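Here's the structure, in structure tokens; my notes come after.
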Amino acid sequence: MGHVSESANRADAGAPRWLVVTGMAFEARLLRWPGATTVSGLHGDALDAALAAALRDGERSAHRYAGLISFGVAGGLDPALAPGSVVVADAVAAEDRRLDTDARLAQTIRMALPGAVGGAIAGVDTPAAAVADKWALHVATGAVAVDMESHRIAAAARAAGLPFVVCRAIADPAARRVPPAALAAFARDGGIAMRALCASVLRQPAQLGELVRLAGDAAAARRGLGRLAAVLPRCAGESRDHCGAGAGAGAGAGAGVGAGVGPTSDPGVAIDGDAPPAAPSPSSPSSP
């Protein structure tokens, strides 16, 4: 079961809010954005259904959502990107198509974070764990990083006529594989399947060193996400001020940015004020 959380900001009640999507609960916990709606712990068809339900609810509440944000860790495809590198993407590449992010907000975020890079994010439905797979994806798409949510978020935003941005921090770099134990640890609810992880290590104890290195990479990614989390609300607020509260709903940056109040629900999705404990992310299969 995934989680949808909202924090009320009475000062901005009635203003459009961003719908933020994270693959894992620990990513949502790092953000802590008052007034934003956060969807976490859902993947594949379940994520599609939750986004569709949230956006239908948004239509019933006029101009409720300013747009969507993909936030979390990613796997590196560009060998130049070290763990912890921040990517604020220009586009999402998936299934022979490319969907552009909101250029104005992406640029604003990059300007607020020295060292943040642009480029495309590749969207996949299964983890890109092997070094050879990462390289092949890099060559085929030109993407600098890969995750398992952004292509679905981009498609939902396009269908709703809303802007979107992708904000990611690199966990596993391009030159490092994701060991089997890390892949086995992914629980369907966004948690850690500890029994599966331990069983994998017992079967292949030689991967323990890789897991330790991966834990260090994941710590660097957390720091990168922390930097992103510190600037996202301010950058979004600046975008809202630029676009103006009277901007009409629909596609593009003119939809405005901000925070609002109101419940979002979907069958099978828990509405919770807090996220569950940290877990490895299938966005970039790695330890927390």
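The values are calculated or read from the model by the stated rules, or taken from the named source; none is laboratory data. Please read all numbers here as calculations on a predicted model, not as lab measurements. All Cβ positions, glycine included, derive from the backbone under ideal geometry; neighbour counts span all protein chains shown. Accessible surface is based on the protein model in full, side chains and every heavy atom, while ligands, DNA and RNA are left aside. Shrake-Rupley method; radii C 1.70, N 1.55, O 1.52, S 1.80 Å.
Worth a mention:
- Residue count for the stretch 132-148, restricted to those that are farther than 15 Å from A120 by Cβ and among the charged types (D, E, K, R): 1
- Pick from the stretch 79-131, criterion open to solvent by less than 10 Å² (accessible area, probe 1.4 Å) and part of a helix (DSSP H, G or I), ranking: farthest from F164 (Cα to Cα): I109
- Pairs where the first residue, in the stretch 91-103, is free of Cβ contacts under 8 Å to residues at least 12 places away in the same chain and the second is open to solvent by 20 Å² or more (accessible area, probe 1.4 Å), C-beta under 8 Å, 6+ apart: D100/D90
- Boolean, L202 is assigned to a helix (DSSP H, G or I) and either of a type in the set (G, A, S) or at pLDDT below 95 (or both): yes
- Members of the stretch 132-159 that are surrounded by fewer than 24 Cβ atoms within 10 Å (Cβ to Cβ) and of a type in the set (A, V, I, L, M, F, W, C): A132, W135, A136, L137, V139, A140, A155, A156, A159
- The number of residues in the stretch 161-170 that are buried (at least 24 other Cβ atoms within 10 Å of the Cβ) and over 13 Å from the mean Cα position of the chain (by Cα) comes to 1.
- Subset tally (residues that are open to solvent by less than 20 Å² (accessible area, probe 1.4 Å), among the small types (G, A, S) and within 16 Å of L68 (Cβ to Cβ)) for the stretch 35-49: 3
- Selection status of A52, farther than 28 Å from A215 by Cα, open to solvent by 10 Å² or more (accessible area, probe 1.4 Å), in a loop (DSSP other than H, G, I, E, B) and modelled with pLDDT under 95: no
- Selection over the stretch 154-167 of residues that are part of a strand (DSSP E or B) and either without any contact (Cβ under 8 Å) to a residue 60 or more places away in the chain or in contact with an Asp or Glu (Cβ under 6 Å, 6 or more places away or on another chain) (or both) gives a count of 1.
- For the stretch 140-153, the condition of being without any contact (Cβ under 8 Å) to a residue 24 or more places away in the chain and outside any strand (DSSP E or B) holds for at least one residue.
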